[in-house]
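The values are calculated or read from the model by the stated rules, or taken from the named source; none is laboratory data. Predicted model, so just to flag it, every value in this text is computed and none were measured. In this analysis, Cβ positions are derived from the backbone assuming ideal geometry, glycine residues included, and neighbour counts consider all displayed protein chains.
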Amino acid sequence: MRQKIDPAQHEDVPEIAGRLRPLIERVEELHPPRVQNGIGCVQVCRGEGKTREKREPEQRERHPPAQRGLVCRTGWDSGTGPSSHSLTADACPASAVIAITAPDRPATARSVARVTACALWGLETALVTVEVDVANGLPALVVVGLPDAAVQEARERVRAAVRNSGFEFPLRRVTVNLAPAERRKEGTGFELAIALGILRASGQLRVDVTGLCLGELALDGALRPVRGTMPRVRFAAARGLGQVLVANANAGEAAACGVESFGFASLREVVDHLEGRARVAPTSVPPRAAPPHHSVDLAHIAGQETPKRALEIAAAGGHNLLFVGPPGTGKTMLARALESILPPLDDAEALAASAVHSVAGLIDPRHPVLTARPFRAPHHTASHLSLVGGGSPPRPGEVSLAHCGALFLDEVAEFSRSVLDTLREPLEQHAVTISRAGGAATYPARFVLVAAMNPCPCGFWGDAERECTCLPEQIERYRGKLSGPLLDRIDLRVHVPRVPFERLRDDGRERSADVRERVLAARERMRVRLATTGRRVNAELTVIEVKRFCSVDAATERLLAEAVGARRLSARGYHRVLRVARTAADLAGSDGVRGEDVALALLLRSDP
């Protein structure tokens, strides 16, 4: 490529630069990745036909390689046309060199900029230092430190967001390191930190960033919310970070963790806030949501005094419960009424349950902290992944979303047996660990299991009013959906019979509010008694604690011995009977476990 220049113009450098403008525009077209932000500087010099090797050292210093991003040489040889080969002294009596350079690094730039972010694996978190280096070299943006596909894709979003926010993306080699590098980084929560690091390293941001930065960037520079803000902020706050920069939708849940939370709508707003041009006020802690209105009250259910008693014990002690009965006897209504008698969440439980919902993306930005206990009711076609969690990266399932609340499995015998058997470990360990090739994630799963089923496929086995039409093998196969190990983990198994017509018109039924008062009183007794153990309810007692808090007299011990022999109770079943008896005693206001409490626990543990 060549632009012919008259000798008279050789002394006029500005005129030469103007005449070379078509050439410069052509260079921009041919090399868009290297001059994508425009040509920062055009330098024109003259030589006397000397090749690169024959130039004096001081001449080569005029265009040092470290200062230019692209060099083009124009030559002319008495108008004979452009030459496609190297210029020599004989063939080119005069030459000009165009050095297209990126703007020099401002004095406010950092050699290596550091911004703090946070990685998330399940509910496990770790602080990540986003290190950004802007060096001379071919323009590129490289992310290292074991990023996953979502983090790798952030390169294009960050590049477009920086440019569309009114900043210049450096025409240099930009290296981003996510430290520590030994563990994989997942998700889109690092993009705000990467963008701020690039601006700081290139000198466009004149102050250091000291707070935690979480957010996803849109192509136009808008800031979008990310999942798992609450557990990340709680971890950062425990490590001494007092400020958090997040999207507006995440500002409420960050403020609920006790830190100074700043919400922004775009990258430009974040930079203006950090440099003091437009300071943003910290977000206040959002108010708790109003107590929910429960659609089912115990006063709506006619009769069923024994199932109601079992429901009260389950709510007070955190025991698992199974209702078995013909269709239409009120099993589902009884299970739904559990919501109305469960005690409210305390502060620690509310944050723990809200953190799981934050990871799942189910947080309400207006009320990020849960007020009522979760009540999850998946359909019987649910897979084992949706029930216990899974995917890549692992997401929490229904058992974790019901943490500190209740999980209701209606028509439990219609679930796949393999799906139901995945509940064994969560019911025993109150947590679920999802292991994948790339790592493992652990979610809490402390919940009350409430299940309802018919006694047989037609639903009328054992009903005095209607005859069962099922074959024996059908009944056995139907009940076999609940395996023995799973059934042994259910403390209360109650038959829900048909309600006589006379009881349907009864008035004066006990309301849920009255039952809830007794549940709260029993929970307070448990809190005082178990204060030194770290337990919250009787269902969580260990074997040693059962011996300590559930001692019985000799007569009651003989009753238990007969029950173990007659019903063939396992060791687990024996201790679960004592836990239920302890809860019945707490509801009755008794300090010790009485014989009638044990008898009630045995009565409520019948075979389905």
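With GLY189, GLY203 as the choices, which residue is under 30 Å from ALA352 (Cβ atoms) and modelled with pLDDT under 95? Break it down stepwise before answering.
Working: GLY203 fails: under 30 Å from ALA352 (Cβ atoms).
From the options GLY189, GLY203, the qualifying one is GLY189.
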Subject >> Members of segment 457-476 that are closer than 16 Å to ALA413 by Cβ and either in contact with a Phe, Trp or Tyr (Cβ under 9 Å, 6 or more places away or on another chain) or surrounded by 14 or more Cβ atoms within 10 Å (Cβ to Cβ) (or both) >> reply: PRO457, CYS458, GLY459, PHE460, TRP461, CYS468, CYS470, GLN474, ILE475
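A quick yes/no check of all residues on (1) in contact (Cβ under 8 Å) with a residue 40 or more places away in the chain; (2) surrounded by 20 or more Cβ atoms within 10 Å (Cβ to Cβ); (3) of a type outside the set (A, V, I, L, M, F, W, C):
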site: LEU362; (1), (2), (3): no, no, no
site: HIS367; (1), (2), (3): yes, no, yes
site: PRO396; (1), (2), (3): yes, yes, yes
site: GLY405; (1), (2), (3): yes, yes, yes
site: ASN454; (1), (2), (3): yes, yes, yes
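Could you say whether any residue in segment 575-589 is in contact with a Gly (Cβ under 8 Å, 6 or more places away or on another chain) and basic (Lys, Arg)?
The first filter runs over segment 575-589 and keeps only residues in contact with a Gly (Cβ under 8 Å, 6 or more places away or on another chain), leaving 579-580, 582-583, 585-586.
If we keep only those that are basic (Lys, Arg) too, we end up with 579, 582.
Checked segment 575-589: at least one residue is in contact with a Gly (Cβ under 8 Å, 6 or more places away or on another chain) and basic (Lys, Arg).
For every residue, the table says whether it meets (1) assigned to a strand (DSSP E or B); (2) at pLDDT 95 or above; (3) crowded, with 20+ Cβ neighbours inside 10 Å; (4) in contact with a Gly (Cβ under 7 Å, 6 or more places away or on another chain).
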residue	(1), (2), (3), (4)
PRO103	no, no, no, yes
PRO106	no, no, no, yes
ALA109	no, no, no, yes
VAL115	yes, yes, yes, yes
ALA119	yes, no, yes, no
VAL128	yes, yes, yes, no
GLY137	no, no, no, no
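Of all residues being part of a helix (DSSP H, G or I), more than 23 Å from the chain's Cα centre (by Cα) and of a type outside the set (Gly, Ala, Ser) in segment 139-165, which is nearest to ALA254 (Cα to Cα)? Just the residue, please.
Restricting attention to segment 139-165, the residues satisfying the condition of being part of a helix (DSSP H, G or I) are 149-164.
Now drop any that are not more than 23 Å from the chain's Cα centre (by Cα), which leaves 156, 159-164.
Among the residues that remain, those that are also of a type outside the set (Gly, Ala, Ser) are: 156, 159, 162-164.
Values: GLU156: 27, ARG159: 27, VAL162: 25, ARG163: 28, ASN164: 27 Å.
Applying the filter and picking the extreme gives VAL162.
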**OP:** State whether one or more residues within segment 204-227 are buried (at least 19 other Cβ atoms within 10 Å of the Cβ), assigned to a helix (DSSP H, G or I) and in contact with a Gly (Cβ under 6 Å, 6 or more places away or on another chain).
**Re:** no
**OP:** Any residue in segment 142-165 that's closer than 18 Å to ALA222 by Cβ: show its pairings with residues that are among the β-branched types (Val, Ile, Thr) and part of a helix (DSSP H, G or I) at Cβ separation under 8 Å, as long as the two are six or more apart or on different chains.
**Re:** ALA154/ILE194; VAL158/ILE194; VAL158/ILE198; VAL162/ILE198; SER165/VAL271
Subject >> So THR188, is it of a type in the set (S, T, N, Q), in a loop (DSSP other than H, G, I, E, B) and under 21 Å from the mean Cα position of the chain (by Cα) >> reply: yes
Subject >> Residue identified as among the aromatic types (Phe, Trp, Tyr) and closer than 23 Å to ALA150 by Cα among PHE169, PHE262 >> reply: PHE169
